[in-house]
Structures are given as C-alpha cells and as structure tokens.
Amino acid sequence: MRWIDKRYHTLNYELKSTFGCKVFKLSIDGGFTCPNRDGKVGSSGCIFCSESGSGEFASNRNLDIHSQLEQQVDLLMEKWPSGKYIAYFQNFTNTYSDVTDLEKKYESAISHPGVIGLAIATRPDCIPDDVLSLLDSLNKKTYLWVELGLQTMHEDTAKVIRRGYDIEVFEKTFSKLKKLGIRTVVHLILGLPGEYRAKILQSVRYVSSLNPYGVKLHLMHVLKNTDLESYYTESPFHMLSKDEYIGLVCDSLEILNPDITVHRVTGDGSKDLLIAPLWSLDKRSVLNGIDIELKRRDSFQGKFFPE
Ligand code: SF4
C-alpha cells in the first residue's frame, strides 16, 4: 500500500514523510470573529456554527498566541520530546482583520520554537489582495496551508446552511491561492440537510477535480444552541447512520485523487454540545470502521480515480 499506515493519504503520513518526525497540530484562537456573524455578510452565521465559531477544541482566546502554544507544547513535551508543531488558527475566520494584526499573530505563532508550519482556516470571501500577499510571503518561509469551508458545491444547500458566498467566490479564491502555490484544504460536510449520496459524491468529485493539497470530510453534527438545532427539531432531516457514513466516506475516498491529503474523515462534536448523531462520539470506532470497510472492499483512495 502506497501510504503505509492507512488505505488513504492521511495528514499524518504526509507530515511524517515531509518532516521525518511526528508533527502535531496545535489549535489557536486568534481572537477573530466572522463576517457571517458580525453583520458584514450575515448576522446569524452558518446554520451549524457554534458559539465558539466551529472550533470547540481551540485554545483560550484570552491568552496571547505564544502562551496558547506554550500550554499545549508543555502537555506534549513529555511524551513527544522531539515532536514538531503546526500552529492551527482554527475557529471563526482567521483572515478577518487588518493585515498588520494578522501578520503580528501569524509571525508570533511561527516564531515559537518547534513550530514548523501554519494552518489558517478561513472563508474564500475573506482573503483580500493585501492578505493574499501576506499569505504568499508566509508560504515562502514556512509550511503553510489555508483551509476553506466550502461544505458543499450545491447552491441550494449553501442557501439552507447560510454559507454566505457563491461557488464562484470559492473558485476565484481557490485559483488565486493555487497560482501562488499556497496549499489549500477544502472542507466538505457529509449529510447536510437535503443532501443524499449522489449530491454528496458530486461535491467530492468536484473537489477532487480541483486537486487541492488537502480535503477535510466532516460528518454533519447538530450541536446545542445552534440554529441547526431548531431547524432539526422543527423539520427533522435524515441523519446518517454510522454504517451509512462509513460507506459514504469509503465511496468518497475511492473517487478522490490519491495525491490529495486527507486531513479528516470524521466529525469532532464536543460531548457536552452534541445532539446528533450520538454514535459519532465514538470516533475510534468510526475510524476503525472506515479501515475495515476499505479492507473488505479491497479498496483505497483513488481506486476509481479518474473515473
Ligand atoms: S464561516 Fe465559520 S465561523 Fe463563520 S459562521 Fe460559518 S462556520 Fe461559523
């Protein structure tokens, strides 16, 4: 098997082959908000977005960047003294500030000893030209990737989830990043309201055809205190069962370009906030289920790529 540890191209494999050691992602809260929440694009946010800006496991935003990193490094140091780190600006929109503030925060992260790269999660409608130039210069001095929350290629679903930008906006930004050689990770959510297998796999095929550096496959979660919670209560939509989800992830991996790094194949709903599907709390069993199903199919990422 091409990737040694799994039947798909994991981030773990990618980082280990690039850096020759175990690399950890450290989640940082950069203290940002989001244009889809503060009124610039929308004021209620994406329908599934939680209070913490879809970053339930990010660090404490009251601490400066250096201290947030330090706290996490201290915990890892004992077990992994020679590990390296990617500083991950995870929740809210991490390019949503003026370029001077952004530069200060990003530089503070990459100047931390042991940090060998930077991951920045954002929206494609939130990378103006001056921020793009900043990303370009960061990309020349560190291992950078930018994450874009596409979630679906389908405009009707994008409206239901209040994503707040059109697919053209995504395509324009994606191609600008690609032209500059900036690694891009595209997020997709499997099981959005009204989306079944055919629609989901269309989005996967679409992303695969763009050949980004990476992809994140999330499971649709309903979290407490989100608008999705009320939506789900008022008009319950089909929630994927564990077997359906595992089957869909395997179908997705099979049509995905094998060069694309798979950063995630499960969701990560916080135990205290998760309403459905509750089976997703047992993440290990989902991951094992994917491995078992790929083996059962004698399959792997890209088996049917190109179709
Ligand atoms: S773009 Fe991200 S932070 Fe903003 S509302 Fe949507 S999920 Fe929340």
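At a 1.4 Å probe radius, carbon and sulfur cover how many percent of the accessible area of the chain?
About 52 percent, which is the carbon plus sulfur part of the accessible surface.
List the cysteines of the chain that have no other Cys Cβ closer than 4.7 Å: which are they?
C21, C34, C126, C250
What full-extension length gain, to one decimal in nm, is calculated for S44 and S82 as 0.36 nm per residue of separation minus the Cα-Cα distance?
9.4 nm
On a full-extension model of 0.36 nm per residue, what is the gain between D166 and D298, subtracting their alpha-carbon distance, rounded to one decimal in nm?
The span from D166 to D298 would gain 43.7 nm if fully extended.
Which one, P113, P81, P236, has the greatest fluctuation when you compute a Gaussian network model over the chain with C-alpha springs under 10 angstrom?
P81
Filter K84/K283; K176/K295; K16/K303; K176/K242; K178/K303 down to the pairs with a C-alpha to C-alpha distance above 30 Å, please.
Too far apart for the 30 Å limit: K176/K295; K176/K242.
Nearest 500 deg cm²/dmol is fine: what mean residue ellipticity at 222 nm does the chain get from its DSSP H runs of n ≥ 4 alone, each adding -39,500 (n - 2.57), divided by its residue count?
-11500 deg cm²/dmol, from helical runs alone.
In percent, how large is the relative contact order of the chain, given Cα pairs closer than 8 Å and 6 or more residues apart?
That works out to 18 percent.
Can you give the % of DSSP beta bridges in the chain that are antiparallel, to the nearest 5?
Here the antiparallel bridges make up roughly 5 percent for the chain.
Can you pull the one-decimal nm distance between simple spin-label points at W279 and D101, each 7 Å off the Cα toward Cβ?
Label-label distance for W279 and D101, simple model: 4.3 nm.
Rounded, prolate or oblate: which one fits the chain, using the alpha carbon gyration tensor with axes a ≥ b ≥ c (rounded when a/c is under 1.5, else prolate when a/b beats b/c, else oblate)?
Note, shape of the chain comes out rounded.
Accessible area per residue, 1.4 Å probe, Å², for segment 174-307: what's the number?
Result: 44 Å² per residue.
Give the calculated FRET efficiency between S241 and R205 to the nearest 0.05, with a Förster radius of 30 Å applied to their Cβ-Cβ distance.
For S241 and R205, the calculated efficiency is 0.85.
How many nm separate the modelled label positions at K22 and D129, each set 7 Å beyond the Cα in the direction of the Cβ?
In this crude label model, K22 to D129 measures out at 4.6 nm.
Excluding N288 itself, calculate the net charge of residues whose Cβ lies under 14 Å from the Cβ of N288, where each Lys or Arg counts +1 and each Asp or Glu counts -1.
Taking every other residue near N288 into account, the sum is +2.
In debye, nearest 20, what is the charge dipole magnitude of segment 11-296 about its Cα centre with +1 on Lys and Arg Cβ and -1 on Asp and Glu Cβ, if you could check?
Roughly 660 debye, rounded to the nearest 20.
So which residue, out of S82, S52, S203, gets the largest mean-square fluctuation from a GNM of the chain using Cα contacts under 10 Å as springs?
S82
I want to verify a result. In a Gaussian network model of the chain, Cα cutoff 10 Å, which of these has the top mean-square fluctuation: T184, T173, T18?
T18
The values are calculated or read from the model by the stated rules, or taken from the named source; none is laboratory data. Everything quoted here is computed from the prediction, not taken from an experiment. Virtual Cβ from ideal backbone geometry, glycine too; neighbours counted across all protein chains shown. Surface accessibility is based on the protein's heavy atoms, side chains included, excluding ligands, DNA and RNA. Shrake-Rupley method; radii C 1.70, N 1.55, O 1.52, S 1.80 Å.
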